[in-house]
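S.K.: For reference, the structure I am asking about is given below.
Derivation of every value follows stated rules applied to the coordinates shown; laboratory data play no part. Quick caveat, the model's predicted, so the values are computed rather than measured.
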Amino acid sequence: MTIELSLNECSGGVTAARGYLAGGLYCGIRKVKKDIAIIYTPTPAAAAGVFTINKTQAACVLVDKIQLRNSTTCSAVVVNSGNANACTGERGLNDTWAIIEAAATSLHIPKGQVLVSSTGVIGQYLPMDKILPGIQQLSTQLTPAGNTDASEAIMTTDTFSKEAAVKFTLGSAVVTIGGMAKGSGMIAPNMATMLAFITTDAVIDQSLLTKALQHANAKSFNRITVDGDMSTNDMALILANGEAKNSPIRDHTEEYQLFVSALEYVMIKLAKMIARDGEGATKLVEILVIGAKGEEEAAQAARSIANSNLVKTAIHGADANWGRILAAVGYSGIDFNPDLVEVAFGDVMILRKNYEIVLDEEKAKAVLSKDTVLVSVNLNQGTASARMWTCDLTKDYVHINASYRS
């Protein structure tokens, strides 16, 4: 059955949905930019999260997992940039719990309803003498228009803030899903190196919200890569406060499919912004693998291409080096026949079956010189497909990461 979803994009990011307030300010973690943000809903929201699979996990990841196990609702998320609070041991954990207590006290909510996120340099202790007063001050400044300040406050090496929101109809109710994300470097699949915060006014319980988030995450944030490095702090959190007053969303229904489709749309939009903003990047690169035996194999091949430094440097130089693409599929680990592979850049065919080269260098260079590049690979072995998003690899990436702590 085909479900039709009519989406209307809107402004507001994490405060686009009813009942959400946000804000961001400078408290002194960074040198000169906003560095702490809060998202808040007076109506406690069902909450769910997905986290990095890196075995080295930041204090915020460890603590949030505990919070989500112990409570089905959340009212506030506190995010700081400039310091990851990772590899900081017992002190880092204690500092995270202190942030939760400070936010709970300032917002007059239970400690169990606060989640925390951090991003920045690994292995440094949080400047709690600056963060705690910052939380107290920011708690008095939260507004429905605070989404922009919040999205700016969570940035590290990002060159622009990342926000998205949509409205759609569920039954007789209008539901909104909005969000913000950050990420530019240390971006790899499997919960990429990034943070994302999604809010909705839909009525949906925690278990189903978790299922929806996991599904959408597999199609979005787990399909982006910049450099193949996986962070210690990755997370995507979603809150659903029920202010839309729709009939509760049930599993295996048209309403659930519509909700997941809208959520996936917002998360893919944010994911593509992260890939486009890869450190030093000049191009967004979409890898489309079709004709695979199954979606998992298509994704595996696409991921291998997207993670190839040789492919990404060739795209940066607008060099139609299709051999690097075929090589990346070859070491991806999937079972395929190289003789059947076809490659195209945009609408320009490069390679046909049996290694027939139909490359027009000038047309290929024109396509590869654009700021958005589509690389299509047809395995001609099935009907499954998958997409990945990445960026070109430039000398600026090396420059940025050679002095990240400075």
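S.K.: Please identify, among Met155, Met128, Met194, the residue showing maximal mean-square fluctuation in a Gaussian network model of the chain using a 10 angstrom Cα cutoff.
M.R.: Top of the fluctuation ranking is Met128.
S.K.: Can you tell me the convex hull volume per residue for segment 17-108, based on C-alpha atoms, in Å³ to the nearest whole number?
M.R.: 120 Å³
S.K.: Leaving out same-chain residues fewer than 8 places away, which aspartates and glutamates sit with a Cα under 12 Å from that of Lys55?
M.R.: The reachable aspartates and glutamates, counting only those whose Cα sits under 12 Å from Lys55, are Asp234.
S.K.: I've got another one for you. Need the list of lysines near Lys245 for cross-linking: C-alpha distance under 22 angstrom, and skip anything on the same chain fewer than eight residues off.
M.R.: Lys167, Lys211
S.K.: Anything over 30 Å Cα to Cα? Flag those among Lys219/Lys283; Lys293/Lys395; Lys269/Lys312, in the order listed.
M.R.: Exceeds cut-off: Lys293/Lys395.
S.K.: Also, I was wondering about something else. For the chain, just the Cα set please: Rg and Dmax, both in angstrom.
M.R.: 21.7, 68
S.K.: Find the relative contact order for segment 284-402 and round it to a whole percent, using C-alpha pairs within less than 8 Å whose residues are 6+ positions apart.
M.R.: So the answer I get is 46 percent.
S.K.: Also, quick follow-up: For segment 284-402, what is Rg from Cα atoms divided by 2.2 N^0.38 Å, rounded to two decimals?
M.R.: Relative to the rule-of-thumb radius for its length, segment 284-402 sits at 1.01.
S.K.: When only C-alpha pairs under 8 Å and at least 6 residues apart count, what is the relative contact order of segment 8-274, in percent?
M.R.: Dividing the mean separation by the residue count of segment 8-274 yields 26 percent.
S.K.: What is the Rg over Rh value, at two decimals, for segment 19-73, using alpha-carbon atoms and the Kirkwood definition of Rh?
M.R.: When Rh is taken as the Kirkwood radius, the ratio is 1.05.
S.K.: Using the Karplus curve 6.51 cos²θ - 1.76 cosθ + 1.60 with θ = phi - 60°, what ³J(HN,Hα) values do you get for each residue of segment 369-378, in whole Hz, with x for Gly and Pro?
M.R.: 8, 6, 7, 10, 10, 9, 10, 10, 10, 9
S.K.: Can you give the calculated 222 nm mean residue ellipticity of the chain, where each DSSP H run of n ≥ 4 adds -39,500 (n - 2.57) and the sum is split over every residue, rounded to the nearest 500 deg cm²/dmol?
M.R.: -10000 deg cm²/dmol
S.K.: Restricting to Cα atoms and excluding each atom paired with itself, what does the Kirkwood estimate give for segment 82-159 in Å?
M.R.: Averaging 1/r across every pair of different Cα atoms and inverting gives 13.5 Å.
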